[in-house]
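Okay, so here's the structure we're looking at.
The values are calculated or read from the model by the stated rules, or taken from the named source; none is laboratory data. From a predicted model like this one, the values you see are computed outputs, not experimental measurements. Cβ: placed from backbone, ideal geometry, glycine included. Neighbour counts: every protein chain shown. Surface areas here come from the heavy atoms of the whole protein model, side chains and all, with no ligands, DNA or RNA. Shrake-Rupley method; radii C 1.70, N 1.55, O 1.52, S 1.80 Å.
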Amino acid sequence: MSTTPTPHISANPGDFAKTVLMPGDPLRAKYIAETYLEDAVLVNNVRGVNGYTGTYHGKKVSVMASGMGMPSMGIYSYELFKFYDVDNIIRIGTAGAMHPDLKIRDVVIGMGACTDSNFAAQYRLPGTFAPIASYELLQKAVDAVKAMGSVRYKVGNIVSSDVFYSDNPDAMAAWQKMGVLACEMEAAGLYMNAARTGKNALAICTISDSLVTGEVTTSEERQSSFHDMMKIALEIA
Ligand code: HPA
């Protein structure tokens with residue numbers, strides 16, 4: 001057991017809630033804390049990775065950025081699960097649509113997260129690991145999004161890639177053939193850390209661009225769809 005503070009988080013034991021929401025962007029974490037949480041206190045600011053703890057409808061909730069990509073998500077989620085006694089991490093981020101029925105602003109809940117990353121090699125498994133969401137968090141998220149009524153959503157496989165600017169023009173088409181709904185860059189690393197530490201994780205993504213149609217979101221659209229995703233995450237926190 002490492003002691004706290006950790007190499008990347010300066011908080012004290014007990015500073016984080018049992019559930020941490022993780023956007024990629026530190027400024028998003030700050031916005032969430034200021035907009036949705038009551039009595040939010042800054043508990044981490046190492047490398048400008050803002051972490052806050054406050055309450056939402058009386059529940060203690062934390063929010064901290066993951067940074068971009070699985071190495072960054074891997075560090076923060078591992079330290080939260082392992083050294084800060086966090087039980088649930090809910091990634092809230094953007095994703096690129098790969099399924100023709102998905103429109104900009106739709107919500108995708110990642111039941112599984114495929115990956116082109118070598119993250120799982122560390123476990124020395126005699127086969128291929130299938131990173132999956134916590135069934136309990138997934139079920140709660142589906143219940144919450146259904147209750148909201150007006151939110152367009154899909155639940156299924158996403159792909160977490162190490163590469164944003166790929167040199168392989170066929171890579172996305174290959175994932176699409178397997179029914180993968182959307183791409184992002186963090187969920188698989190999060191799901192593997194949750195599996196290894198016996199904790200719970202879920203990725204809820206808003207479609208910010210489409211690899212099918214080439215559409216991108218305006219900042220206005222991003223803001224309102226972001227609110228839907230936040231509401232789902234806060235409901236289940
Ligand atoms: N690729 C990877 N991550 C993303 C994308 C994408 O097209 N859009 C939003 N996050």
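About its Cα centre, the dipole of the chain is roughly 460 debye, where the only charges are +1 on Lys and Arg Cβ and -1 on Asp and Glu Cβ.
Shown for the chain: the carbon plus sulfur share of the solvent-accessible area, taken with all protein chains present and a 1.4 angstrom probe, equals 53%.
Each part reduced to its alpha carbon centroid, the stretch 81-128 and the stretch 1-70 end up 19 Å apart.
Put +1 on the Cβ of every Lys and Arg and -1 on every Asp and Glu Cβ in the chain; which of 102, 11, 178 then has its Cα farthest towards the positive end of the dipole? Farthest towards the positive pole: 11.
Around the Cα centre of the stretch 105-196, unit charges on the Cβ atoms of Lys, Arg, Asp and Glu (plus for the first two, minus for the last two) sum to a dipole of about 340 debye.
Basic side chains Lys and Arg get +1 at the Cβ, acidic Asp and Glu get -1 at the Cβ, and with that the dipole of the stretch 24-84 about its Cα centre reaches some 140 debye.
Students often get this wrong, so check it: of 82/154; 30/140; 82/103, which have C-alpha atoms separated by over 29 Å? With Cα atoms farther than 29 Å apart: 82/154; 82/103.
Result for the chain in a Gaussian network model with C-alpha springs under 10 Å: among 149, 96, 127, the largest mean-square fluctuation is at 127.
Straight-line reach from residue 146: taking Cα to Cα under 19 Å and skipping same-chain neighbours fewer than 8 places apart, the aspartates and glutamates in range are 101, 106, 136, 228, 235.
Taking K and R as +1 and D and E as -1, what net charge do the other residues with C-beta under 15 Å from the C-beta of residue 102 add up to?
Values: positive: 103, 105, 152, 154; negative: 101, 106, 184, 209, 215, 221, 228.
Cβ neighbours under 15 Å give a net charge of -3.
The distance from the alpha carbon centre of the stretch 180-194 to that of the stretch 198-237 is 14 Å, rounded to a whole number.
Solvent-accessible surface of the stretch 39-193, averaged per residue with a 1.4 angstrom probe and all protein chains in place: 48 square angstrom. Ranked from largest, the principal axis spans of the Cα set of the stretch 22-133 equal 46, 38, 26 Å.
Sorting 134-142, 108-116, 186-194, 87-95 by their mean Cβ neighbour count within 10 Å, with the most densely packed peptide first, gives 186-194, 87-95, 108-116, 134-142. Treating each Cα of the chain as one equal point scatterer and applying the Debye formula with no solvent, the log10 of I(q)/I(0) at q = 0.08, 0.12, 0.17 Å⁻¹ comes out as -0.27, -0.61, -1.26. Approximating the spin labels as points 7 Å out from Cα along Cα→Cβ, the residue 124-to-residue 46 distance works out to 2.7 nm. Taking every alpha-carbon pair under 8 Å whose residues sit at least 6 apart, the stretch 1-126 reaches a relative contact order of 28 percent. The calculated FRET efficiency for residue 34 paired with residue 57, based on their beta-carbon distance and R0 = 25 Å, is about 0.90.
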